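Colleague: Can you read through this structure? Questions will come right after.
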Amino acid sequence: MSGTLNKVMLIGHTGDDVKMHYFEGGNCIGRFPLATNDSYVNKSTGERVNTTEWHNIVVRNKAAEICEKYLNKGDKIYIEGRLKTRKWQDEQGKDRYSTEIQCTDFTFLTPKNESQITGSSMQSAPQANTPAVNPQEVSTNSPEMEDDDLPF
């Protein structure tokens, strides 16, 4: 196989509200931290150990505006995207790195007004039971878009 894949899928809780940054020309990005949790039993002590991993999420343009409007600290969200590592220099001239999740699709999982909001549809009105599809990612050989006779 000659192709590569850079895909991340996360379900977690937001650690803060969306912080927006606006640019000339009307574009914007939103950033927020996302916490995912894991628990296991330590075999040597028998204790249950809970760990939290923090992820830096970046959403762009209309998706960022939707997240800013509907997403609050502590809300549960499904994120799909790709990993992106940025490099910069700090005040001492040292190279620093930051790994972010560039969000391409999301679904809010915390109910708002008893309805589920699907973010990737890019509509401002909440929708119920609508699958999240990013129009830019739909391909002709996507299994989700195939017509078949299966009853489920």
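The values are calculated or read from the model by the stated rules, or taken from the named source; none is laboratory data. Since the model is a prediction, treat every value here as computed from it, not as a measurement. Note: ideal-geometry Cβ built from the backbone for every residue, glycine included; neighbour counts use all protein chains shown.
Colleague: Is there a residue in the stretch 2-17 that is among the basic types (K, R) and assigned to a strand (DSSP E or B)? Let's see the steps before the verdict.
Modeller: To start, the set of residues in the stretch 2-17 that are among the basic types (K, R) comprises 7.
Of the ones still in play, those that are also assigned to a strand (DSSP E or B) are none.
No, the stretch 2-17 contains no residue that is among the basic types (K, R) and assigned to a strand (DSSP E or B).
Colleague: Which residue is farthest from F106 (Cα to Cα), if the candidates are limited to the stretch 1-17 and must be polar (S, T, N, Q) and either modelled with pLDDT under 95 or out of contact with any Lys or Arg (no Cβ under 9 Å at 6 or more places or on another chain) (or both)? So that I can check it myself, show each step before the final result.
Modeller: First, pick out the residues of the stretch 1-17 that are polar (S, T, N, Q): 2, 4, 6, 14.
Narrowing the set further to residues that are either modelled with pLDDT under 95 or out of contact with any Lys or Arg (no Cβ under 9 Å at 6 or more places or on another chain) (or both) leaves 2, 4.
Values: S2: 28, T4: 22 Å.
Applying the filter and picking the extreme gives S2.
Colleague: Tally time: how many residues in the stretch 79-138 are at pLDDT below 50 and part of a loop (DSSP other than H, G, I, E, B)? Give the steps one after another, and end with the answer.
Modeller: First, pick out the residues of the stretch 79-138 that are at pLDDT below 50: 114-138.
From what is left, the residues that are part of a loop (DSSP other than H, G, I, E, B) are 114, 116-117, 119-134, 138.
Number of matching residues: 20.
Colleague: Taking only pairs six or more apart or across chains, which ones have beta-carbon atoms under 6 Å, a first residue in the stretch 91-105 that is among the aromatic types (F, W, Y), and a second residue that is surrounded by fewer than 16 Cβ atoms within 10 Å (Cβ to Cβ)?
Modeller: Y97/T85; Y97/K87
Colleague: Could you grab the pairs with beta carbons closer than 8 Å, sequence gap of 6+ or different chains, first residue in the stretch 1-12 and surrounded by fewer than 10 Cβ atoms within 10 Å (Cβ to Cβ), second one not aliphatic (A, V, I, L, M)?
Modeller: That search, which allows pairs on different chains as well, returns N6/R82; K7/E80; K7/G81; K7/R82.
Colleague: Are any residues in the stretch 47-78 crowded, with 18+ Cβ neighbours inside 10 Å, assigned to a strand (DSSP E or B) and over 11 Å from the mean Cα position of the chain (by Cα), and if so, which ones?
Modeller: Across the stretch 47-78, there are no qualifying residues.
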